[in-house]
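Okay, structure first, notes after.
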Amino acid sequence: MEYNIKNQSKKIYNIVKILKDIVNIASFKNINNEHKIIKYLIKQFTICKEIVVVESEQGNANLLIGINTQLKDLNDCILLSGHIDTVNLGIKFKKCEVIDNKIYGLGAPDMKSFIASIIYNLEKLLKIRTPLVLSLTSDEETKFLGIKAFLNELIKRNIKPNLVIVGEPTDVKFSFSNKGATWFTCSIFGKQCHASTPDLGINAIQKTVEILSGINTINKKLVDSSLTVTKINGGELGNMVPEKCMFKLDIRLSKVKDIENIKSKLFSIFTNVCENICDFNIEASKLTPPFEKRNSKFLKNFAISNNIDLIESSFTTEAGVIQQTFCTSNIVIFGPGNAHSIHSENEYIEIDNLKSYSNLLMDLIKAHDKHNYI
């Protein structure tokens with residue numbers, strides 16, 4: 001059933017329209033200075049004090065916005081952190097739809113609703129006394145190069161946040177931790193021969209199976225972490241012993257200190273299976289640290305007074321990278337939408353959820369502003 005937003009209050013109509021406009025701009029690759037979404041966002045934030053385009057290593061455009069402030073020499077500012085890009089599902093891009101109180105569209109909760117909430121509240125945000133800085137990255141779903149470029153830019157400009165709000169979907173709850181992400185591309189090199197004489201070769205697929213068995217043993221012993229094989233490829237012909245097998249490994253760890261330990265165990269498994277028999281190669285990418293719990297009295301008191309549930313996030317966000325750069329304990333993942341629907345063809349957010357978040361986000365910023373000036 002199509003939802004008629006024009007029959008609702010003007011406030012709801014406005015925020016839904018903003019979100020639809022953003023979702024209807026496909027943003028899953030090549031987000032450079034000329035990309036439609038960059039031009040759209042610059043236009044929306046024109047009334048802000050300063051807008052800077054920060055390029056990441058691969059040339060993607062990321063927006064650094066001083067909402068009510070110039071972007072230089074800021075202590076104890078509020079950093080609002082989000083990303084513009086979405087996953088690429090490999091299907092035909094569909095326009096945003098509003099059905100039965102839900103807004104459907106790629107990136108609706110992840111995380112264009114966060115951006116829509118800021119645009120919707122922009123006039124109120126301009127009146128906040130505490131400096132407000134907004135970062136919008138363009139490659140969070142891939143290599144996290146945007147947030148790294150941002151943090152370098154903040155350091156260069158002497159900008160230090162006291163409160164950081166990462167607007168990933170938490171269903172309007174507070175999350176004080178998330179797992180880090182490390183991606184490995186693993187290759188096993190055997191010896192090719194005819195399948196009728198397998199003893200004359202070295203089967204790279206069979207060696208890979210032995211390695212995966214060892215990885216599975218490690219995985220079973222992990223607590224709040226995981227090792228997941230996400231892709232595997234090997235072999236050429238049905239009558240030939242394969243000389244190469246490749247697989248990708250997704251590692252999600254809840255503590256920074258566990259990373260080196262897991263790497264060591266993986267290398268030991270590969271060495272034991274392949275030593276003096278075949279070669280292997282392991283290439284690491286992404287390497288995004290986990291976001292570990294910190295004791296923030298301000299955020300916990302706000303959560304209690306506003307009946308906000310506290311949760312832990314399993315997905316990876318930019319919070320871990322920010323945490324490694326700045327020492328503040330006031331970092332929270334707090335966003336609209338439910339994470340269970342993201343990265344899917346039917347990604348959606350409920351209108352009531354979006355409205356509730358937009359109001360609470362403003363309340364949180366005002367509470368911190370008052371806290372700063374008492």
> Name the residues in the stretch 58-82 that are of a type outside the set (A, V, I, L, M, F, W, C) and touching a Gly at 6+ places or on another chain (Cβ under 8 Å), would you?
Replying inline: ASN60, ASN62, SER81, GLY82
>> Looking only at the stretch 108-135, how many residues end up being in a loop (DSSP other than H, G, I, E, B) and open to solvent by less than 10 Å² (accessible area, probe 1.4 Å)?
In response: 2
>> I'd like to check something: does the stretch 229-243 contain any residue that is acidic (Asp, Glu) and either open to solvent by less than 70 Å² (accessible area, probe 1.4 Å) or in contact with a His (Cβ under 9 Å, 6 or more places away or on another chain) (or both)?
In response: no
>> Going through ASP139, ASP110, ASP85, ASP100 one at a time, which residue ends up being of a type outside the set (Ser, Thr, Tyr) and touching a Pro at 6+ places or on another chain (Cβ under 8 Å)?
In response: ASP110
> Which one of these is open to solvent by 10 Å² or more (accessible area, probe 1.4 Å) and modelled with pLDDT of 90 or more: ASP250, ASP258?
Replying inline: ASP250
> Just to be sure, is ILE351 open to solvent by less than 10 Å² (accessible area, probe 1.4 Å), farther than 25 Å from ASN301 by Cα and modelled with pLDDT of 95 or more?
Replying inline: yes
>> I want to confirm something. Restricting to the stretch 296-328 and keeping residues that are surrounded by fewer than 17 Cβ atoms within 10 Å (Cβ to Cβ) and in contact with a Ser or Thr (Cβ under 7 Å, 6 or more places away or on another chain), which single residue is modelled with the highest pLDDT?
In response: ILE311
> Has the stretch 220-231 got any residue that is at pLDDT below 95 and among the small types (Gly, Ala, Ser)?
Replying inline: yes
> Being hydroxyl-bearing (Ser, Thr, Tyr), out of contact with any Cys (no Cβ under 7 Å at 6 or more places or on another chain) and open to solvent by less than 20 Å² (accessible area, probe 1.4 Å), is that true of even one residue in the stretch 329-348?
Replying inline: yes
>> Among the residues of the stretch 264-292, what is the count of those that are farther than 26 Å from GLN192 by Cβ and free of Cβ contacts under 8 Å to residues at least 12 places away in the same chain?
In response: 2
>> Here is a list: LEU134, LEU122. Which entry is out of contact with any Leu (no Cβ under 8 Å at 6 or more places or on another chain) and modelled with pLDDT of 95 or more?
In response: LEU122
>> Where the second residue is in a helix (DSSP H, G or I) and the first is among the basic types (Lys, Arg) and lies in the stretch 122-141, which pairs have Cβ atoms under 8 Å and are six or more apart or on separate chains?
In response: LYS124/MET362; ARG129/ASP369; ARG129/ASN372; ARG129/TYR373
>> Can you find a residue that is in a strand (DSSP E or B), more than 16 Å from PHE184 (Cα to Cα) and basic (Lys, Arg) anywhere in the stretch 244-254?
In response: yes
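The values are calculated or read from the model by the stated rules, or taken from the named source; none is laboratory data. Worth saying up front: this structure is predicted, and the values here are computed from it rather than measured. Because the Cβ atoms are built from the backbone with ideal geometry, glycine has one as well, and the counts that use them run over all protein chains shown. Surface areas here come from the heavy atoms of the whole protein model, side chains and all, with no ligands, DNA or RNA. Shrake-Rupley method; radii C 1.70, N 1.55, O 1.52, S 1.80 Å.
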